[in-house]
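Read-outs: derived from the displayed coordinates by stated rules, not from any lab. The shown structure was predicted, so the numbers you read here are calculated from the model rather than taken from an experiment. As a convention, Cβ positions derive from the backbone with ideal geometry for all residues, glycine included, and neighbour counts pool all protein chains shown.
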Amino acid sequence: MTHLTSAELAGRIEDLYDAPLTDLEAHAQDQPPGMLSALLGMHDDLALAERSIGIHRDRLARLLHPERQIGRHEVSHLLDTTRRLAEAVAVREVQAKSVAAVLQSLARVPAQTPAPPVPMPPVPAPHLVAQSTTHSR
């Protein structure tokens with residue numbers, strides 16, 4: 001299964017709002033909570049899960065290095081690191097699935113172009129009373 005990464009999510013948020021992520025983060029701080037702040041929070045959570053996966057994967061690789069002896073003490077570290085790695089992967093799964101569903105439901109609204117000015121109806125000319133060519137007596 002392909003996962004939406006935090007970098008891909010950042011790009012999709014930028015495309016959706018037509019602005020760089022740093023500008024959007026600054027803008028969201030000055031606004032009441034809304035969709036933008038929710039998406040930025042999801043991005044942060046996904047990025048944190050990805051970093052956590054990397055940290056625990058690297059730790060596990062060091063613990064399982066072929067030249068390293070695994071004793072009784074190391075077994076508890078292996079189990080703990082494996083559990084933490086599994087938790088980080090589960091968090092990433094949930095975050096990626098949730099944010100993909102939210103993004104699928106959103107679409108960028110085209111910028112509204114100002115409506116052309118409505119022409120005012122012409123002002124009717126004042127009625128002129130036709131003057132008779134005959135003189136009155």
Hey, what do the phi angles of segment 4-21 turn into as Karplus ³J(HN,Hα) couplings, whole Hz, using 6.51/-1.76/1.60 and θ = phi - 60°, x for Gly and Pro? 6, 8, 5, 5, 5, 5, 4, x, 5, 5, 4, 5, 5, 9, 6, 7, x, 4
Cα gyration tensor shape for segment 1-93, rounded if a/c is under 1.5, else prolate or oblate: prolate
Show me, for segment 83-93, the HN-Hα J-couplings you get by feeding each phi into the Karplus relation (A = 6.51, B = -1.76, C = 1.60, θ = phi - 60°), rounded to Hz, glycine and proline as x. 4, 5, 5, 4, 5, 5, 5, 4, 5, 4, 4
Calculated FRET efficiency for the pair residue 26/residue 89, C-beta based, R₀ 35 Å, to 0.05: 0.65
